[in-house]
Amino acid sequence: MGSETALPSLMPIRCRQGDFLKASQGKEFVRGSSSFARLKVHVTFKVKYCHRIFGWDTLREECSRLFYEVAEKQGVVIEEMGFDEDHVHMVWAVRVTHSLDELAKVFKGTTGRKLLALHPFVKKRYFWNSGLWSGVIYADSIGSNYERICHYVRNQKLERATPSIPPVYSDLTRRPER
């Protein structure tokens with residue numbers, strides 16, 4: 001009887017990345033074939049050798065666009081994204097079936113390969129023909145600190161990147177300001 005009263009209060013809504021159900025408490029849950037969960041994760045990727053490449057608007061915007069492309073393919077919702085000069089913070093909503101380790105490999109591998117292919121000067125100058133990202137990832141479940149973590153990610157040192165701005169490659173010939 002208790003579960004019968006909880007089900008009618010759920011109102012289904014559609015989202016581009018999947019089916020979500022809004023519970024009466026105002027929290028979003030992701031519904032899978034055999035799961036019903038709300039998994040929010042704060043993830044940080046660090047640039048190899050701590051080079052401050054995201055001081056360039058072009059690289060930051062291109063990287064942001066690539067992250068959104070990968071997220072769409074993987075079924076991950078990027079709720080917040082913020083850049084500092086040598087790392088990126090994201091808040092992901094993931095499904096129960098996702099492995100954070102595998103997602104990190106796909107995100108870092110795809111964005112690193114494509115970003116350095118688009119900007120060979122950066123690869124040669126800063127990464128000595130190696131990869132873009134450090135091998136380390138930071139991941140933490142958000143739990144009840146959702147608003148606080150989103151505020152932190154949103155207010156990183158650098159201006160928030162938007163994927164809709166087309167890249168301009170002319171500022172890549174000079175080093176970003178520190």
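Only the coordinates and a few stated rules stand behind these numbers; no lab work does. Everything numeric here is computed off the predicted structure, so don't read it as measured data. Ideal geometry is used to build each Cβ from the backbone, glycine not excepted, and the neighbour counts take in all protein chains shown.
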By count of other Cβ within 10 Å, fewest leading, how are Lys105, Lys46, Lys40 ordered?
Lys105, Lys46, Lys40
If R₀ is 35 angstrom, what is the calculated FRET efficiency for the pair Val136 and Glu28, using the beta carbon separation as r and rounding to 0.05?
0.75
For a Förster distance of 30 Å, can you work out the FRET efficiency between the beta-carbons of Phe36 and Arg154, rounded to the nearest 0.05?
0.60
What does the charge count near Ala37 come to, summing +1 for each Lys or Arg and -1 for each Asp or Glu among other residues with Cβ under 9 Å from its Cβ?
+3
